Amino acid sequence: MNSTTEAVSAPTDDVRLDNDSSPSTHTTVDGSYAKYVLGILVLMGVFNFIDRQIFAILAEDIKADLSLSDSDLGFLFGTAFAVLYAVFGVPLGRLADSWKRTKQISLSLGFWSLMTALSGMTRSFLPLAACRFGVGIGEAGASPASLSLLYDYFSPKVRTTVLGIYASGPIIGAGLGLFLGGSILGAWNNAWPDPSLAPFGLKGWQAAFMVVGLPGLLLALLVSTLKEPVRGQAESSGATVKESPKTVPSAVHPLRILLLEILPMVPGVNLWLLRQKGAGVNVLMLNIGVGLGIALLAFLLTQATGDTLQWLAMGIGLYSVFSWGQALLCQDSVCFGLIFHCKTVRYVYLYIGFQTFVASAIGFWMIPWFQRHFGVSVAELGTVVGLTSVGAGLIGVIMGGVVADRLRQHTQRGKLYVTLVAAVLWLLVTGCMLSSEWILSAYIFAGFHVFAGALGAAPAVSTVNDLMIPRVRAIAIALYIMITSFMGAAMGPYCVGLLSDSLTAAGAENSEALHYSMFLSLVIMGVSIAFLLLAIKHLPADEDSRLTRARALGEDV
């Protein structure tokens with residue numbers, strides 16, 4: 001770590017550099033520098049969701065300007081982002097378990113910020129889709145590395161609170177994305193009603209993408225100065241540990257790791273690699289059979305919907321992740337077993353997948369629904385819903401973390417109890433929002449909708465981390481994100497948009513078609529809650545047997 005790195009303005013009471021050529025860093029768990037790192041990562045989360053959520057407030061203008069359908073908008077917001085986010089999240093999560101996490105976060109932030117800014121230069125559907133692909137790839141590398149980093153900076157007794165604070169970044173970013181997008185869009189359109197007279201001929205939605213994307217490049221430089229802690233250092237609460245040169249392996253080649261993780265996803269190459277790892281004929285035949293099944297299903301869905309790009313992207317993504325899972329079983333049976341043989345983890349994954357299907361759909365289409373149903377301006381929506389979301393989300397996510405940590409001291413199921421209350425409350429208030437005929441009551445329920453969604457965010461992801469050993473936490477979170485991406489973000493907004501298009505084509509009014517489609521999606525939330533109840537049932541046994549299961553799988557713990 002050089003002098004330039006040390007020059008960054010940060011707390012230094014618990015950090016010391018030796019003067020030798022192989023510097024070592026003393027880091028106090030839960031210390032002031034850990035809090036500084038948390039603050040920077042929260043700010044990164046703000047930028048993350050500004051860049052992601054701004055699309056919702058710009059959707060109606062993009063639709064009109066590029067002559068898109070609702071399913072096209074659902075694809076751009078959901079599938080185009082989520083498939084690449086999911087596919088690259090797995091190898092990038094694996095990379096975070098072996099490479100310098102601070103460097104990975106910095107590069108990821110810089111890349112997705114650049115792709116957001118480039119979205120403002122697009123003038124048709126395909127280039128915009130390509131930029132959304134890029135945003136997905138960039139954001140895929142940040143969350144697993146960030147969560148793994150925080151688990152090494154903070155002790156177990158405060159982790160859910162810490163994750164709740166970390167989750168406040170996306171909450172703030174989602175609200176600010178709506179506010180900034182609406183403000184920029186309104187101001188730009190008012191200043192240049194004729195886009196041909198605007199600077200560089202940019203439309204309001206294009207300018208908004210560029211304004212929110214470029215500052216992230218500067219934040220990426222600040223993130224690159226953060227220190228890398230010792231992996232697993234916080235497992236003994238309150239300990240002060242010394243970081244040796246081995247903590248950040250200088251011999252690790254990130255591109256080589258990524259290549260080794262991505263190759264098992266490539267058709268043809270994956271079969272050869274599986275064979276090299278000792279996989280039997282039955283494993284190879286299963287891979288081929290699943291691949292053919294996915295291809296057939298994608299073809300049939302393309303014929304039924306006419307959306308080739310949607311199902312091509314989904315098919316490639318699903319097959320890639322399945323192939324990677326087979327490779328993981330062959331090369332790291334401990335990691336595979338701790339994740340996939342744990343009932344609680346499986347049920348939490350299914351819960352969050354179905355929950356995100358509904359939450360992503362409602363979260364995206366809520367803004368166009370307000371515009372179509374109540375006829376409010378984009379500036380008003382950005383201000384009211386955006387700023388309300390910031391306040392309600394912050395209260396919810398921090399309360400969820402604090403309450404979960406305190407309740408966990410009395411019962412092992414404490415964290416998931418908070419998640420259950422949040423899920424039921426979210427379902428009730430969202431139904432009330434969609435049933436509102438007065439805009440004021442709809443705004444109020446929209447605030448509670450954000451609060452309830454934020455309340456259960458940290459406890460669920462913290463539960464998955466609690467059931468892992470340190471070296472596999474990043475990949476477990478990457479898989480968590482992959483599930484939410486494929487089952488939720490890639491499908492929820494698209495399916496609601498597709499149903500809305502179908503109802504409109506059948507003669508329904510545009511606003512009512514979207515309203516009915518959103519309301520129908522709430523049925524899926526019942527399925528999600530059922531899986532959460534199963535996770536709550538199995539949690540104590542799985543948590544008590546964590547190290548025993550790791551040893552049985554061959555891990556030296």
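I need the full set of residues from region 142-159 which are assigned to a helix (DSSP H, G or I) and among the aliphatic types (A, V, I, L, M), in order please. Correct list: Ala145, Leu147, Leu149, Leu150, Val158. Phe486 - would you say it is touching a Gly at 6+ places or on another chain (Cβ under 8 Å), surrounded by fewer than 20 Cβ atoms within 10 Å (Cβ to Cβ) and among the aromatic types (Phe, Trp, Tyr)? The answer is no for Phe486.
Here the condition is being surrounded by fewer than 23 Cβ atoms within 10 Å (Cβ to Cβ) and assigned by TED's automatic domain parsing to the domain that holds Ser183; of Phe81, Phe111, it holds for Phe111 alone.
Note on region 183-226: residues that are within 23 Å of the chain's Cα centre (by Cα) and part of a helix (DSSP H, G or I) total 15.
Residues are listed down the side, and each one gets a yes or a no for (1) at pLDDT 85 or above; (2) under 16 Å from Phe47 (Cα atoms):
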{"site": "Ala86", "(1), (2)": "no, no"}
{"site": "Pro91", "(1), (2)": "no, no"}
{"site": "Arg94", "(1), (2)": "no, no"}
{"site": "Lys100", "(1), (2)": "yes, no"}
{"site": "Leu107", "(1), (2)": "yes, yes"}
{"site": "Ser113", "(1), (2)": "yes, yes"}
{"site": "Ser119", "(1), (2)": "yes, yes"}
{"site": "Leu126", "(1), (2)": "yes, no"}
{"site": "Gly136", "(1), (2)": "yes, yes"}
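Taken together, Pro229, Pro249, Pro267 contain a single residue that is assigned to a loop (DSSP other than H, G, I, E, B), modelled with pLDDT of 80 or more and within 12 Å of Lys100 (Cβ to Cβ), which is Pro229.
Okay, residues lined up against (1) assigned to a helix (DSSP H, G or I); (2) under 23 Å from Thr160 (Cβ atoms); (3) in contact (Cβ under 8 Å) with a residue 12 or more places away in the chain:
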{"position": "His373", "(1), (2), (3)": "yes, no, yes"}
{"position": "Ala379", "(1), (2), (3)": "yes, no, yes"}
{"position": "Ile398", "(1), (2), (3)": "yes, yes, yes"}
{"position": "Asp405", "(1), (2), (3)": "yes, yes, yes"}
{"position": "Val424", "(1), (2), (3)": "yes, yes, yes"}
{"position": "Ser441", "(1), (2), (3)": "yes, no, no"}
{"position": "His449", "(1), (2), (3)": "yes, yes, yes"}
{"position": "Val461", "(1), (2), (3)": "yes, yes, yes"}
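Please give the number of the condition Val212 fails out of (1) under 20 Å from Ala142 (Cα atoms); (2) surrounded by fewer than 24 Cβ atoms within 10 Å (Cβ to Cβ); (3) at pLDDT 90 or above. That leaves (2) as the condition not met. Let me spell it out: the conditions are (1) out of contact with any Lys or Arg (no Cβ under 8 Å at 6 or more places or on another chain); (2) crowded, with 18+ Cβ neighbours inside 10 Å, and Ser148 meets all of them except one. Which number is the exception? If we test Ser148 against (1) out of contact with any Lys or Arg (no Cβ under 8 Å at 6 or more places or on another chain); (2) crowded, with 18+ Cβ neighbours inside 10 Å, just (1) comes out false. The set of residues from region 527-538 being touching a residue at least 12 places away in the same chain (Cβ under 8 Å) and either under 24 Å from the mean Cα position of the chain (by Cα) or outside the structural domain of Trp365 (by TED's automatic domain parsing) (or both) comprises Val527, Ser528, Ile529, Phe531, Leu532, Leu533, Leu534, Ala535, Ile536. Would region 414-426 turn up any residue that is surrounded by fewer than 24 Cβ atoms within 10 Å (Cβ to Cβ), over 15 Å from the mean Cα position of the chain (by Cα) and farther than 18 Å from Phe531 by Cα? The answer is no; no qualifying residue exists. Counting just the residues of region 467-490 that are in a helix (DSSP H, G or I) and in contact with a Lys or Arg (Cβ under 8 Å, 6 or more places away or on another chain), which one comes out nearest to Thr102 (Cα to Cα)? It comes out as Ala474. The set of residues from region 9-20 being part of a loop (DSSP other than H, G, I, E, B) and either at pLDDT 85 or above or surrounded by 15 or more Cβ atoms within 10 Å (Cβ to Cβ) (or both) comprises Ala10, Asp14, Val15.
When Ile288 is tested against (1) β-branched (Val, Ile, Thr); (2) surrounded by fewer than 19 Cβ atoms within 10 Å (Cβ to Cβ); (3) in the same structural domain as Leu532 (by TED's automatic domain parsing), just one condition goes unmet, and that condition is (3). Of all the numbered requirements in (1) closer than 30 Å to Val557 by Cα; (2) crowded, with 24+ Cβ neighbours inside 10 Å, Pro470 misses one, and that requirement is (2).
The values are calculated or read from the model by the stated rules, or taken from the named source; none is laboratory data. All figures in this text were calculated on a predicted structure; none of them were measured in a lab. Reconstructed Cβ throughout: ideal geometry from the backbone, glycine too, with neighbour counts over all protein chains shown.
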